[in-house]
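Novice: Got a structure for you, questions after.
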Amino acid sequence: MSKVDEKVQALYDEVVTRNPGESEFHQAVREVFDSLGPVLAKHPHYADAGIIERLCEPERQIIFRVPWVDDAGRVRINRGFRVEFNSALGPYKGGLRFHPSVYLGVVKFLGFEQIFKNALTGLPIGGGKGGSDFDPKGRSDGEVMRFSQSFMTELYRHIGEYTDVPAGDIGVGGREIGYLFGQYKRITNRYESGVLTGKGLSWGGSQVRTEATGYGVVFFVREMLRARGEDLDGKRVVVSGSGNVALYAIEKIHQLGGRVVACSDSGGYVVDDEGIDLDLLKEIKDVHRGRVADYAQKRGTTAHFISSGSIWDVPTDIAIPCATQNELNSDDAASLIRQGCTIVAEGANMPTTPDAINALASSGVLFAPGKAANAGGVATSALEMQQNASRDSWSFDYTETRLADIMRGIHENCLRTAAEYGLPGDYVLGANIAGFTHVADAMLALGVI
């Protein structure tokens with residue numbers, strides 16, 4: 001082990017010791033640290049200035065009680081979080097997640113990833129993340145409103161368009177953003193539209209924001225294919241999940257000539273060899289709040305639902321995991337490799353386990369990490385902030401073109417950086433080092449703060 005590797009390992013051990021029990025955060029840090037050897041060997045001043053230690057320690061961690069009353073009149077208590085991780089490049093930017101699995105370790109892993117993802121966009125935004133262990137699933141609109149208002153009653157004092165700009169994530173869509181923004185406006189007596197992104201189009205939102213993460217990951221895949229002289233036309237694709245990111249990834253793949261043959265939810269997955277009927281899937285998910293099993297039932301003989309096993313057993317050319325963290329493990333990677341899958345691109349945050357990433361890389365499967373491939377969502381959030389600041393509103397086509405240009409720039413940056421450090425085609429190393437150096441240089445310029 002080199003002195004550089006020993007230094008990185010010592011720093012990682014310190015992170016684990018200082019943050020006990022936060023396995024998701026440890027995994028996110030390890031994934032970045034595994035790429036830092038080459039950059040520290042070439043630029044030792046990053047280590048000498050304590051940049052890595054500062055990057056791993058959030059600038060601020062906020063935990064608060066969220067009391068609310070359910071429809072039966074019972075007082076409920078949830079826990080709220082906001083981790084403001086790094087503001088060297090701009091105001092903290094990152095979503096809010098409402099899900100029972102949320103705890104400090106999950107929020108810190110998401111916030112840490114967000115630092116580098118936001119840096120890769122090239123836009124002036126720092127990294128943060130937040131949320132609550134509240135589960136909106138099965139709750140009435142009134143209950144979601146009362147929870148959201150209570151959540152914002154504490155959060156409002158920590159955010160602002162020049163300070164911290166939350167957005168949506170799992171469990172936080174347009175409905176929740178509306179209730180959160182309404183409470184912020186009520187408390188502050190200000191129509192500060194740039195304080196939240198993911199807003200409705202009639203009250204300060206941006207075209208393409210709903211579609212951005214799903215579209216963006218497909219734009220990134222398109223660039224990966226172009227680099228090999230290929231395109232999406234005729235490609236067979238599997239997309240896990242059936243939420244917002246998955247739906248719009250499916251839509252853009254079909255627009256570009258590919259064919260999505262499977263998608264999933266927590267109950268199982270559906271296979272449709274003729275290609276997922278997106279209109280039917282959207283109707284089931286958005287209108288009826290149904291499940292993919294309902295899709296198979298309504299679709300007829302062309303589709304079948306499978307409640308056990310793995311969606312990654314479905315033969316595919318391209319795999320796009322869009323569900324949740326660590327959904328694609330080493331066994332799944334082995335299955336994709338056997339089928340001849342050539343590209344895996346992360347639509348979700350950290351959906352691929354470290355063992356799976358190593359297996360894919362050793363077999364020559366191109367792998368695009370989420371901090372690069374799914375950066376389209378936060379990029380378009382920053383474009384929403386830009387429109388809010390200028391009191392402007394852009395067309396769908398113009399905004400989509402901006403998104404496609406940003407994703408192309410991220411792809412080029414990843415490839416260029418990987419080649420510079422002697423590992424051409426390694427998107428993980430390229431994304432981690434490009435994001436790290438951008439933030440690190442800004443931190444150096446700002447002094448020890």
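The values are calculated or read from the model by the stated rules, or taken from the named source; none is laboratory data. All figures in this text were calculated on a predicted structure; none of them were measured in a lab. Please note: Cβ atoms are built from the backbone with ideal geometry, for glycine as well, and neighbour counts cover all protein chains shown. Note: accessible area is taken over every heavy atom of the protein model, side chains too, but ligands, DNA and RNA are not part of it. Shrake-Rupley method; radii C 1.70, N 1.55, O 1.52, S 1.80 Å.
Novice: Write out, first by first residue and then by second, each pair whose Cβ atoms fall under 9 Å of each other, whose residues are 6+ apart or on separate chains, and whose first residue, in segment 87-102, is more than 17 Å from Gln61 (Cβ to Cβ) and modelled with pLDDT of 95 or more while the second is among the hydroxyl-bearing types (Ser, Thr, Tyr) and open to solvent by less than 40 Å² (accessible area, probe 1.4 Å).
Specialist: These pairs meet every condition: Phe98/Ser132; Phe98/Ser148; His99/Ser132.
Novice: Show me the strands (runs of 3 or more DSSP E) found entirely inside segment 60-120 where at least 2 residues are under 20 Å from His438 (Cβ atoms). Step through it out loud before you land on a result.
Specialist: Values: elements: 60-69, 75-86, 92-98.
Output list reads 75-86, 92-98.
Novice: May I ask you to list the residues in segment 184-206 that are farther than 18 Å from Lys93 by Cβ and either within 19 Å of the chain's Cα centre (by Cα) or among the β-branched types (Val, Ile, Thr) (or both)? I'd like the intermediate steps shown before the answer.
Specialist: The initial filter retains those residues of segment 184-206 that are farther than 18 Å from Lys93 by Cβ, namely 185-191, 200-203.
Hits for segment 184-206 are Ile187, Thr188.
Novice: Shifting gears a bit: Kindly evaluate Asp332 against the criterion of being open to solvent by less than 50 Å² (accessible area, probe 1.4 Å), among the acidic types (Asp, Glu) and either more than 15 Å from Gly214 (Cα to Cα) or modelled with pLDDT of 95 or more (or both). I'd like the intermediate steps shown before the answer.
Specialist: Values: open to solvent by less than 50 Å² (accessible area, probe 1.4 Å): yes; among the acidic types (Asp, Glu): yes; either more than 15 Å from Gly214 (Cα to Cα) or modelled with pLDDT of 95 or more (or both): yes.
Considered against the rule, which asks whether it is open to solvent by less than 50 Å² (accessible area, probe 1.4 Å), among the acidic types (Asp, Glu) and either more than 15 Å from Gly214 (Cα to Cα) or modelled with pLDDT of 95 or more (or both), Asp332 comes out as yes.
Novice: I'd like to verify a number: residues in segment 139-169 that are among the aromatic types (Phe, Trp, Tyr) and surrounded by fewer than 17 Cβ atoms within 10 Å (Cβ to Cβ), how many?
Specialist: Result for segment 139-169: 1.
Novice: For segment 57-92: of the residues being out of contact with any Phe, Trp or Tyr (no Cβ under 6 Å at 6 or more places or on another chain) and among the aliphatic types (A, V, I, L, M), which is farthest from Leu155 (Cα to Cα)?
Specialist: Selected residue: Ala72.
Novice: Would segment 156-168 turn up any residue that is assigned to a loop (DSSP other than H, G, I, E, B), touching a Pro at 6+ places or on another chain (Cβ under 8 Å) and either among the polar types (S, T, N, Q) or not assigned by the TED database to the domain that holds Phe81 (or both)? Write out each step before concluding.
Specialist: Of segment 156-168, the ones assigned to a loop (DSSP other than H, G, I, E, B) are 159, 161-163.
Among the residues that remain, those that are also touching a Pro at 6+ places or on another chain (Cβ under 8 Å) are: 159, 161-163.
The next check asks that each one be either among the polar types (S, T, N, Q) or not assigned by the TED database to the domain that holds Phe81 (or both); those that pass are 163.
Within segment 156-168, one or more residues are assigned to a loop (DSSP other than H, G, I, E, B), touching a Pro at 6+ places or on another chain (Cβ under 8 Å) and either among the polar types (S, T, N, Q) or not assigned by the TED database to the domain that holds Phe81 (or both).
Novice: Quick check on my filter: what residues within segment 124-138 are surrounded by fewer than 17 Cβ atoms within 10 Å (Cβ to Cβ) and at pLDDT 95 or above? Break it down stepwise before answering.
Specialist: Within segment 124-138, the first condition is being surrounded by fewer than 17 Cβ atoms within 10 Å (Cβ to Cβ), and the residues that meet it are 124, 135, 137-138.
If the condition is that a residue be surrounded by fewer than 17 Cβ atoms within 10 Å (Cβ to Cβ) and at pLDDT 95 or above, then Pro124, Asp135 are the ones that fit.
Novice: Filter segment 31-59 down to the residues that are in contact with a helix residue (DSSP H, G or I) (Cβ under 6 Å, 6 or more places away or on another chain) and part of a helix (DSSP H, G or I) and list them by number.
Specialist: Result: Val32, Phe33, Leu36, Gly37, Val39, Leu40, Ala41, Tyr46, Ala47, Ile51, Ile52, Cys56.
Novice: A follow-up question, please. Just for segment 420-449: of the residues that are assigned to a helix (DSSP H, G or I) and open to solvent by 60 Å² or more (accessible area, probe 1.4 Å), which one is farthest from Pro58 (Cα to Cα)? Explain how you work it out, then say what you get.
Specialist: Start the filter on segment 420-449 by keeping residues that are assigned to a helix (DSSP H, G or I), which leaves 420, 427-446.
Now restrict to residues that are open to solvent by 60 Å² or more (accessible area, probe 1.4 Å): 420, 438, 441, 444-446.
Working: Glu420: 30, His438: 17, Asp441: 18, Leu444: 17, Ala445: 19, Leu446: 16 Å.
Ranking the qualifying residues of segment 420-449, first place goes to Glu420.
Novice: Criterion first (at pLDDT 95 or above, under 18 Å from the mean Cα position of the chain (by Cα) and farther than 21 Å from Gly229 by Cβ) does Val428 satisfy it? Steps first, please.
Specialist: Working: at pLDDT 95 or above: yes; under 18 Å from the mean Cα position of the chain (by Cα): yes; farther than 21 Å from Gly229 by Cβ: yes.
When the stated conditions are applied, Val428 passes them.
Novice: Confirm whether Arg291 is outside the structural domain of Asn118 (by the TED database) and within 26 Å of Gly138 (Cα to Cα). Walk me through how you get there before you give the answer.
Specialist: On the way: outside the structural domain of Asn118 (by the TED database): yes; within 26 Å of Gly138 (Cα to Cα): yes.
Yes, satisfied.
Novice: Same structure again: Pairs under 6 Å by beta carbon, first residue in a helix (DSSP H, G or I) in segment 396-415, partner aromatic (Phe, Trp, Tyr), six or more apart or different chains?
Specialist: From segment 396-415, the pairs are Ala404/Phe219; Met407/Phe219; Met407/Phe220; His411/Phe220; Cys414/Tyr427.
Novice: Here is a further query. Might you check whether a residue that is farther than 30 Å from Leu446 by Cα and touching a Ser or Thr at 6+ places or on another chain (Cβ under 6 Å) occurs anywhere in segment 81-97?
Specialist: Taking segment 81-97 first, the residues farther than 30 Å from Leu446 by Cα are 97.
From the residues that got through so far, the ones that are touching a Ser or Thr at 6+ places or on another chain (Cβ under 6 Å) too are none.
No, segment 81-97 contains no residue that is farther than 30 Å from Leu446 by Cα and touching a Ser or Thr at 6+ places or on another chain (Cβ under 6 Å).
Novice: Return the residue satisfying two criteria in turn: it lies in segment 335-352 and is touching a Leu at 6+ places or on another chain (Cβ under 8 Å) and in a loop (DSSP other than H, G, I, E, B), and of such residues it is least open to solvent (accessible area, probe 1.4 Å).
Specialist: For segment 335-352, the residue satisfying everything is Pro351.
Novice: Restricting the search to segment 11-41, which residues are open to solvent by 60 Å² or more (accessible area, probe 1.4 Å) and either at positive phi or modelled with pLDDT under 95 (or both)?
Specialist: Hits for segment 11-41 are Gly21, Asp34, Ala41.
Novice: So which residues in segment 265-282 are assigned to a helix (DSSP H, G or I) and either within 16 Å of Cys322 (Cβ to Cβ) or open to solvent by 80 Å² or more (accessible area, probe 1.4 Å) (or both), if there are any at all? Please lay out each step first, then the result.
Specialist: Taking segment 265-282 and keeping what is assigned to a helix (DSSP H, G or I), we get 278-282.
Once the filter is applied, which keeps residues that are assigned to a helix (DSSP H, G or I) and either within 16 Å of Cys322 (Cβ to Cβ) or open to solvent by 80 Å² or more (accessible area, probe 1.4 Å) (or both), segment 265-282 yields Leu278, Asp279, Leu281, Lys282.
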